[in-house]
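J.: Dropping a structure here in structure tokens format, bear with me for questions.
The values are calculated or read from the model by the stated rules, or taken from the named source; none is laboratory data. None of these values were measured; they are calculated from a predicted model. Here the Cβ is made from the backbone with ideal geometry for all residues, glycine too, and neighbour counts use every protein chain on show. Each accessible area value is taken on the protein alone, full model and side chains, heavy atoms only, with ligands, DNA and RNA left out. Shrake-Rupley method; radii C 1.70, N 1.55, O 1.52, S 1.80 Å.
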Amino acid sequence: MSIFDNTTSKGTFFEKAQRFGKSFMLPIAVLPAAGLLLGIGGAFSNPNTIKAYPFLNITWLQNIFTIMADAGSIVFANLAILFAVGIAVGLARSDRGTAGLASLLAFLVMNSTIHSLLKITDTLAKNNLAQAGQGMSLGIQTLETGVFGGIVVGIMTYYLHNKYNKIELPQFLGFFGGSRFIPIISSFAAIFLGAIMFVIWPHFQKIIFSIGSIVGSTGYIGTLIYGFILRMLGPFGLHHIFYLPFWTTALGGSAIINGQLVEGTQRIFFAQLGDPSTTHYYIGISRFMSGRFITMMFGLIGACLAMYQTARPEKKKIVGGLLLSAALTSFLTGITEPIEFSFLFVAPALYVLHAFFDGCAFMIAHMLQITVGQTFSGGFIDFILFGVLQGVSKTNWIYIPMVGIPWFFLYYFSFKFCILKFNLKTPGREDETDEISILTQNNTPASANQNRVDCIINGLGGKTNIIELDCCATRLRITVKDGNLVRESLLKKSGARGVLKSGNAVQVIYGPQVTVIKNELEETLNL
């Protein structure tokens with residue numbers, strides 16, 4: 001049986017991948033705040049920074065920066081727990097609080113079981129835990145399963161929750177039936193999971209290290225392919241599934257920092273961020289992260305300018321507002337969907353060109369050893385925190401604007417040439433008979449007179465057709481009973497930048513304000 005329930009087990013791969021990818025968003029959503037604390041606190045409490053800027057050497061100020069750095073680092077040190085709880089909560093259809101609690105208990109029991117087996121087999125490391133592949137998790141010395149262990153626990157807990165959350169026990173045990181049964185069964189299952197992990201994890205870890213070595217051996221071409229695939233998966237909302245293993249597991253490399261084995265590019269970066277002895281950040285950051293800044297802060301801004309200049313004169317004012325808002329969003333936060341979905345459906349070949357350019361940006365960042373990390377995406381905020389404030393010697397951040405400015409013109413001239421040469425129907429160039437939806441500055445669709453929420457519900461086939469509703473950073477993710485009832489034209493009237501549908505899984509792209517739309521829908525639907 002699939003890890004997904006009966007409703008979706010007969011659906012398409014896209015439906016299942018959408019739900020699984022969505023579950024990653026809950027733990028990912030906490031990373032920007034934690035990164036902000038760690039970035040500011042670590043940067044301004046670093047001895048080298050204090051030496052360069054003596055006015056920062058004030059006891060109470062340094063105490064504040066130290067607290068901020070510790071508050072941020074504790075989040076990244078416990079990513080496995082966040083993913084265990086987040087995935088169980090994200091996948092559960094109902095009673096999500098119970099699923100989250102059960103997953104936390106299962107995570108503790110799994111690691112306690114591994115700890116006991118290490119003691120029984122006399123393989124519990126006394127020192128050099130990292131070299132033995134062991135580490136500490138919530139005070140438990142256990143195998144360093146990292147985020148992968150948390151993901152496995154989350155999936156197992158969801159499966160048990162889905163299967164047993166309505167179980168009816170004999171009357172004398174009735175109190176322990178239903179939701180109360182889930183933490184119990186999850187804890188027992190975690191004992192067996194811990195025993196299995198104790199046996200297979202060391203071998204599995206060797207396989208991951210081997211795969212990581214293969215990825216590393218592909219050099220600059222491998223980095224280009226990584227960036228290209230990552231961008232091509234973006235429209236489907238599946239990019240989280242692709243990049244997270246590189247960011248959070250040994251696929252992205254491993255390093256020993258302060259005596260602890262740390263796996264995954266992002267985890268290594270934030271461990272080094274809190275380590276004052278770091279002289280240059282981990283090279284894997286240049287492969288799997290830094291290229292984003294070149295595209296998001298510079299390249300796509302050039303694309304926006306090209307689309308604005310090629311728009312019809314009478315539509316430039318409306319299109320200008322849309323593109324300016326989208327460009328600022330990309331530049332500041334690294335959220336690119338508002339730009340990408342403005343041309344994805346009308347000019348898919350242009351999107352493929354964009355994906356190739358993005359892959360090249362990753363490759364150039366690798367070649368120049370740009371090691372500017374990120375929490376969520378490659379925007380100006382992360383660039384300042386994790387690039388400029390960390391210093392050129394650690395990050396080579398100066399190369400980003402040096403490459404980014406030519407990248408702006410590369411996108412600008414390429415997009416302008418393609419739009420004019422092939423008469424692509426980018427924003428403001430649509431035929432007069434085309435029904436389009438352009439968002440104004442207050443995010444109200446100019447072509448829609450009816451209430452936005454009612455418009456969305458009707459576009460999704462009505463209240464009774466909606467099974468599940470959630471969102472990620474820029475798009476609604478919906479599961480419906482009958483995908484044939486979805487009316488894309490109505491959804492676009494509500495201000496949607498694009499609509500993706502596969503079977504009964506629907507994604508409606510709105511941009512960063514999507515969480516507000518989701519809350520409005522949930523209030524109306526009483527979800």
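J.: List the residue pairs whose Cβ atoms are under 6 Å apart, where the first residue sits in the range 172-190 and is β-branched (Val, Ile, Thr), the second is open to solvent by 40 Å² or more (accessible area, probe 1.4 Å) and modelled with pLDDT of 95 or more, and the two are 6 or more positions apart or on different chains.
T.: Hits for this filter: zero, empty list.
J.: Same structure, new question: Can you confirm whether the range 325-335 contains a residue that is free of Cβ contacts under 8 Å to residues at least 60 places away in the same chain, within 25 Å of residue 240 (Cα to Cα) and touching a Lys or Arg at 6+ places or on another chain (Cβ under 7 Å)?
T.: Here is the first cut: in the range 325-335, the ones free of Cβ contacts under 8 Å to residues at least 60 places away in the same chain are 327-328, 330-332, 334.
Then keep just the ones that are within 25 Å of residue 240 (Cα to Cα); that gives 327-328, 330-332, 334.
With touching a Lys or Arg at 6+ places or on another chain (Cβ under 7 Å) added as a condition, the list becomes 334.
Yes: one or more hits.
J.: Consider the range 46-79. How many of its residues are within 22 Å of the chain's Cα centre (by Cα) and open to solvent by 20 Å² or more (accessible area, probe 1.4 Å)?
T.: Result for the range 46-79: 6.
J.: Is at least one residue of the range 254-263 assigned to a helix (DSSP H, G or I), in contact (Cβ under 8 Å) with a residue 40 or more places away in the chain and either touching a helix residue (DSSP H, G or I) at 6+ places or on another chain (Cβ under 7 Å) or buried (at least 20 other Cβ atoms within 10 Å of the Cβ) (or both)?
T.: Within the range 254-263, the first condition is being assigned to a helix (DSSP H, G or I), and the residues that meet it are none.
Looking through the range 254-263, none of the residues is assigned to a helix (DSSP H, G or I), in contact (Cβ under 8 Å) with a residue 40 or more places away in the chain and either touching a helix residue (DSSP H, G or I) at 6+ places or on another chain (Cβ under 7 Å) or buried (at least 20 other Cβ atoms within 10 Å of the Cβ) (or both).
J.: What is the residue count in the range 269-287 for residues that are under 26 Å from residue 358 (Cβ atoms) and either among the charged types (D, E, K, R) or open to solvent by less than 10 Å² (accessible area, probe 1.4 Å) (or both)? Write out each step before concluding.
T.: Step one: of the range 269-287, the residues under 26 Å from residue 358 (Cβ atoms) are 269-270, 272-273, 280-287.
With the extra rule that they be either among the charged types (D, E, K, R) or open to solvent by less than 10 Å² (accessible area, probe 1.4 Å) (or both), the set shrinks to 269-270, 273, 281, 284-287.
Final tally of qualifying residues: 8.
J.: Can you name the condition, by its number, that residue 118 falls short on among (1) in a helix (DSSP H, G or I); (2) buried (at least 23 other Cβ atoms within 10 Å of the Cβ)?
T.: If we test residue 118 against (1) in a helix (DSSP H, G or I); (2) buried (at least 23 other Cβ atoms within 10 Å of the Cβ), just (2) comes out false.
J.: While we're looking at this one, here's another question. Which residue pairs have Cβ atoms under 9 Å apart, sit 6 or more places apart or on different chains, and have a first residue in the range 506-525 that is under 28 Å from residue 343 (Cβ atoms) and a second that is of a type in the set (Ser, Thr, Tyr) and part of a helix (DSSP H, G or I)?
T.: Every condition considered, the pairs that remain are 511/325; 511/329; 512/329; 512/333.
J.: Could you check how many residues of the range 114-156 are touching a Ser or Thr at 6+ places or on another chain (Cβ under 7 Å), of a type in the set (A, V, I, L, M) and at pLDDT 90 or above?
T.: Result for the range 114-156: 3.
J.: Restricted to the range 1-56, and to residues that are of a type in the set (Ser, Thr, Tyr) and closer than 26 Å to residue 372 by Cβ, which residue is modelled with the lowest pLDDT? Working first, answer last.
T.: As a first pass, look at the range 1-56 and keep what is of a type in the set (Ser, Thr, Tyr): 2, 7-9, 12, 23, 45, 49, 53.
Imposing the further condition that a residue be closer than 26 Å to residue 372 by Cβ reduces the set to 45, 49, 53.
Numbers: 45: 80, 49: 70, 53: 74.
In this case the residue turns out to be 49.
J.: Find the residue count for the range 288-301, including only residues that are among the β-branched types (Val, Ile, Thr) and open to solvent by 10 Å² or more (accessible area, probe 1.4 Å).
T.: Selection size over the range 288-301: 1.
J.: Mind listing whichever residues of the range 470-513 are assigned to a loop (DSSP other than H, G, I, E, B), in contact with a Lys or Arg (Cβ under 8 Å, 6 or more places away or on another chain) and of a type in the set (A, V, I, L, M)? First the steps, then the outcome.
T.: Quick first cut of the range 470-513, residues assigned to a loop (DSSP other than H, G, I, E, B) only: 472-474, 481-482, 486-487, 494-497, 503-504, 510-513.
Still in the running and in contact with a Lys or Arg (Cβ under 8 Å, 6 or more places away or on another chain): 472, 486, 494-495, 504, 510-511.
Of everything in the range 470-513, just one residue is assigned to a loop (DSSP other than H, G, I, E, B), in contact with a Lys or Arg (Cβ under 8 Å, 6 or more places away or on another chain) and of a type in the set (A, V, I, L, M), namely 486.
J.: Right, something else. Please verify whether residue 195 is hydrophobic (A, V, I, L, M, F, W, C) and buried (at least 21 other Cβ atoms within 10 Å of the Cβ), treating the condition exactly as stated. It would help to see each step written out before you state the result.
T.: Values: hydrophobic (A, V, I, L, M, F, W, C): yes; buried (at least 21 other Cβ atoms within 10 Å of the Cβ): no.
Criteria not met by residue 195.
J.: On to the next question. Tell me, please, whether a residue that is assigned to a helix (DSSP H, G or I), in contact with a strand residue (DSSP E or B) (Cβ under 7 Å, 6 or more places away or on another chain) and not acidic (Asp, Glu) can be found in the range 129-146.
T.: First pass over the range 129-146, keeping only residues assigned to a helix (DSSP H, G or I): 146.
After this cut, where a residue has to be in contact with a strand residue (DSSP E or B) (Cβ under 7 Å, 6 or more places away or on another chain) as well, the list is 146.
Checking which are not acidic (Asp, Glu) leaves us with 146.
Looking through the range 129-146, at least one residue is assigned to a helix (DSSP H, G or I), in contact with a strand residue (DSSP E or B) (Cβ under 7 Å, 6 or more places away or on another chain) and not acidic (Asp, Glu).
J.: Scan the range 258-275 for residues that are over 12 Å from the mean Cα position of the chain (by Cα) and under 24 Å from residue 217 (Cβ atoms) and jot them down.
T.: Here is the first cut: in the range 258-275, the ones over 12 Å from the mean Cα position of the chain (by Cα) are 258-265, 267-275.
261, 262, 263, 264, 265, 267, 268, 269, 272 - these are the residues of the range 258-275 that are over 12 Å from the mean Cα position of the chain (by Cα) and under 24 Å from residue 217 (Cβ atoms).
J.: Moving to a separate point now. If I filter the range 435-453 for residues that are surrounded by fewer than 18 Cβ atoms within 10 Å (Cβ to Cβ), at pLDDT 80 or above and either of a type outside the set (Val, Ile, Thr) or touching a Ser or Thr at 6+ places or on another chain (Cβ under 6 Å) (or both), do I get at least one hit?
T.: Yes: the range 435-453 contains one or more residues that are surrounded by fewer than 18 Cβ atoms within 10 Å (Cβ to Cβ), at pLDDT 80 or above and either of a type outside the set (Val, Ile, Thr) or touching a Ser or Thr at 6+ places or on another chain (Cβ under 6 Å) (or both).
J.: Condition check: under 21 Å from the mean Cα position of the chain (by Cα) and in contact (Cβ under 8 Å) with a residue 12 or more places away in the chain. Does residue 311 satisfy that?
T.: Working: under 21 Å from the mean Cα position of the chain (by Cα): no; in contact (Cβ under 8 Å) with a residue 12 or more places away in the chain: yes.
In short, no.
J.: Between a residue in the range 77-99 that is more than 19 Å from residue 109 (Cα to Cα) and any residue that is open to solvent by less than 40 Å² (accessible area, probe 1.4 Å) and in a loop (DSSP other than H, G, I, E, B), which pairs come within a Cβ distance under 8 Å, given they are 6 or more apart or on different chains?
T.: As it stands, the answer is 90/24; 91/4; 93/5; 94/165; 95/165, since those pairs meet every condition given.
J.: Do you know which residues across the range 387-430 are in a loop (DSSP other than H, G, I, E, B), crowded, with 19+ Cβ neighbours inside 10 Å and at pLDDT below 95? Give the derivation first.
T.: Residues of the range 387-430 in a loop (DSSP other than H, G, I, E, B): 387, 391, 396-398, 422-430.
Narrowing further to those that are crowded, with 19+ Cβ neighbours inside 10 Å: 387, 396-397, 426-429.
Scanning the range 387-430 gives 387, 426, 427, 428, 429.
J.: Could you tell me whether residue 174 is of a type outside the set (Val, Ile, Thr), assigned to a helix (DSSP H, G or I) and more than 26 Å from residue 115 (Cβ to Cβ)?
T.: On the way: of a type outside the set (Val, Ile, Thr): yes; assigned to a helix (DSSP H, G or I): yes; more than 26 Å from residue 115 (Cβ to Cβ): yes.
Yes.
J.: Hey, among the residues in the range 334-369 that are in a loop (DSSP other than H, G, I, E, B) and among the hydrophobic types (A, V, I, L, M, F, W, C), which one's surrounded by the fewest Cβ atoms within 10 Å (Cβ to Cβ)?
T.: Within the range 334-369, the first condition is being in a loop (DSSP other than H, G, I, E, B), and the residues that meet it are 334-336, 344-347, 368-369.
Now narrow it down to the ones that are among the hydrophobic types (A, V, I, L, M, F, W, C): 335, 344-347, 368.
Numbers: 335: 20, 344: 19, 345: 14, 346: 18, 347: 22, 368: 16.
Among residues in the range 334-369 that are in a loop (DSSP other than H, G, I, E, B) and among the hydrophobic types (A, V, I, L, M, F, W, C), the one surrounded by the fewest Cβ atoms within 10 Å (Cβ to Cβ) is 345.
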